[in-house]
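Trainee: Quick one: the structure is below, and I'll ask about it shortly.
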Amino acid sequence: MMRSVGTLTRADLAETINRKMGFSRAESLALVESILAHMCNAMADGENVKISGFGSFVLRDKKERIGRNPKTGIEVPITPRRVMTFRASQLLKERIANG
Amino acid sequence: MIRSELVQALAKENPDLRPEEVEQTVDIFFEEIARRLAEGGRVELRGFGAFSTRERESRKGRNPRTGETVDVPSKKVPYFKPGKEMRERLNP
């Protein structure tokens, strides 16, 4: 039977780092936060983030387009914006596809 | 930013750690996310975003060389949704 797996969070990542590296819980959590903060900062600065073997976080600039409020049907402009997309590496795609 | 630059930035912030410890920590971080996705689970990093997998239906494909019809089986593909804080930081 396929076991349902739960959601992995920062706390779980910190816990594994604590167990495998022997850093304190607080230190492990700080490292998790730090990794995320560095990636966030790079992207806020307009940089893509590429993690070999895992995937790339790629920024895309969207032009303004006309949208519609689905409730009222009224047309509203959707402002130009920057979005972040994730492109998984070939390796990660294969691991996920094969379960 | 690439993986090695991330490791360098972390190492600089944590002079008490050996460079190889920082490297291993980064490896564990991404490996745990990848493993959970491979197991069919979800990863939620508030503020950053959430990783999950989606089912792709099986379909009939074609070998572009021979024109032969082939069955492409259903499979899971990775999906990422950026978090609210991340989206806001990208659009100040």
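Trainee: Roughly how many percent of the accessible protein surface of region A:48-99 is carbon and sulfur, given a 1.4 Å probe and a whole-percent answer? Please list the in-between numbers first.
Mentor: Details: 1860 of 3740 Å².
Of all accessible area on region A:48-99, carbon and sulfur atoms account for 50 percent.
Trainee: State, to one decimal in nm, how far the label point of A:Thr9 lies from the label point of B:Arg35, with both points 7 Å from Cα in the Cβ direction.
Mentor: With each label placed 7 Å out from Cα toward Cβ, I get 2.0 nm.
Trainee: Just to be sure I understand the interface: list residues from region B:23-50 that lose 50 Å² or more of accessible area between the chain on its own and the complete protein assembly, 1.4 Å probe.
Mentor: The answer is B:Thr25, B:Ile28, B:Phe29, B:Phe30, B:Glu32, B:Arg36, B:Ala38, B:Glu39, B:Leu45, B:Phe48 - residues whose exposure falls by at least 50 Å² when every protein chain is included.
Trainee: Here's a follow-up. Where does region A:48-99 land on Rg(C-alpha)/(2.2 N^0.38 Å)? Walk me through the intermediate numbers first.
Mentor: On the way: Rg = 16.9 Å, N = 52, 2.2 N^0.38 = 9.9 Å.
That ratio works out to 1.71.
Trainee: Here's something else I'd like to know. Which residue, A:Gly53, A:Gly67, A:Gly22, tops the fluctuation ranking in a GNM of chain A built on C-alpha contacts under 10 Å?
Mentor: Highest fluctuation among the options: A:Gly67.
Trainee: Using only alpha carbons, build the gyration tensor for the protein assembly as shown and give me the equivalent ellipsoid semi-axes, biggest first, whole Å.
Mentor: On the way: eigenvalues 197, 126, 55 Å².
Rounded to whole Å, the semi-axes are 31, 25, 17.
Trainee: May I pose another question? Where nothing but the Cβ of Lys and Arg (+1) and of Asp and Glu (-1) is charged, how large is the charge dipole of the protein assembly as shown around its Cα centre, in debye to the nearest 20?
Mentor: Values: 36 positive and 27 negative charges, 243 e Å.
The dipole magnitude comes to about 1160 debye.
Trainee: Also: Leaving out ligands and nucleic acids, and using a 1.4 Å probe, what accessible area per residue does the protein assembly as shown come to in Å²?
Mentor: Numbers: 12100 Å² over 191 residues.
I get 63 Å² per residue for the protein assembly as shown.
Trainee: A further question follows. For region B:42-92, what is the charge dipole size about the Cα centre, in debye to the nearest 20, if Lys and Arg each add +1 at the Cβ and Asp and Glu each add -1 at the Cβ? Each step should come with its number before you reach the end.
Mentor: On the way: 14 positive and 7 negative charges, 7 e Å.
Result for region B:42-92 is approximately 40 debye, rounded to the nearest 20.
Trainee: Continuing with the same structure: Say R0 is 45 Å: what FRET efficiency, to the nearest 0.05, do B:Glu55 and B:Asp16 get from their beta-carbon distance? Let's see the in-between values first.
Mentor: On the way: r = 45 Å, r/R0 = 1.00.
With a Förster radius of 45 Å, E is 0.50.
Trainee: May I ask for the angle, rounded to the nearest 10°, between helix B:3-13 and the longest principal axis of chain B, with both axes built from Cα atoms and the value confined to 0 to 90°?
Mentor: That works out to roughly 20 degrees.
Trainee: Same structure, new question: Between B and A, buried accessible area summed over both sides at probe 1.4 Å, in Å² to the nearest 100? Walk me through the numbers before you get to the answer.
Mentor: Values: alone 8090 and 8520 Å², together 12100 Å².
Buried surface at the B/A interface: approximately 4500 Å².
Trainee: Under a GNM of chain A (C-alpha, springs under 10 Å), which listed residue has the highest mean-square fluctuation: A:Glu47, A:Glu15, A:Glu75?
Mentor: Among A:Glu47, A:Glu15, A:Glu75, the largest mean-square fluctuation in the Gaussian network model of chain A belongs to A:Glu75.
Trainee: Next question. Report which residues of region A:61-89 become buried by 50 Å² or more of accessible surface when going from the isolated chain to the complete set of protein chains (1.4 Å probe; DNA, RNA and ligands ignored).
Mentor: Those residues are A:Arg82, A:Met84, A:Phe86.
Trainee: Could you state the number of Å between the C-alpha centres of region A:1-42 and region A:57-86?
Mentor: 32 Å
Trainee: Find which of A:Pro80, A:Leu91, A:Asn41 sits farthest along the positive direction of the dipole of region A:25-99, computed with +1 on the beta-carbon of Lys and Arg, -1 on that of Asp and Glu, about the Cα centre.
Mentor: Final value for the positive-end residue is A:Pro80.
Trainee: Helix B:19-38 sits at what angle to the longest principal axis of chain B, using alpha carbons and giving 0 to 90 degrees rounded to 10?
Mentor: It works out to around 30 degrees.
Trainee: Further question on the same structure: Once you have the alpha carbon radius of gyration of chain A, what is it after dividing by 2.2 N^0.38 Å, with N set to its residue count?
Mentor: Working: Rg = 19.1 Å, N = 99, 2.2 N^0.38 = 12.6 Å.
Rg over 2.2 N^0.38 Å, computed on Cα atoms: 1.51.
Trainee: Shifting gears a bit: Using the alpha-carbon atoms, what tilt in degrees (0 to 90, nearest 10) does helix A:25-44 show relative to the longest principal axis of chain A?
Mentor: 30 degrees
Trainee: Out of every Cα pair in chain B, what percent are spaced more than 15 Å from each other?
Mentor: Values: 3100 of 4186 pairs.
Beyond 15 Å sits 74 percent of the P(r) for chain B.
Trainee: Multiply the residue gap between A:Lys63 and A:Gln90 by 0.36 nm, knock off their C-alpha separation, and tell me the result in nm, one decimal place. Show your work: numbers first, answer last.
Mentor: Numbers: separation 27, 0.36 × 27 = 9.72 nm, distance 2.93 nm.
Extending this stretch completely gives an extra 6.8 nm.
The values are calculated or read from the model by the stated rules, or taken from the named source; none is laboratory data. If you're wondering where the values come from, they're calculated on a predicted model, not measured in any experiment. So basically every Cβ, Gly included, is an ideal-geometry build from the backbone, and we count neighbours across all protein chains shown. These accessible areas exclude ligands, DNA and RNA; they are computed on the full protein's heavy atoms, side chains included. Shrake-Rupley method; radii C 1.70, N 1.55, O 1.52, S 1.80 Å.
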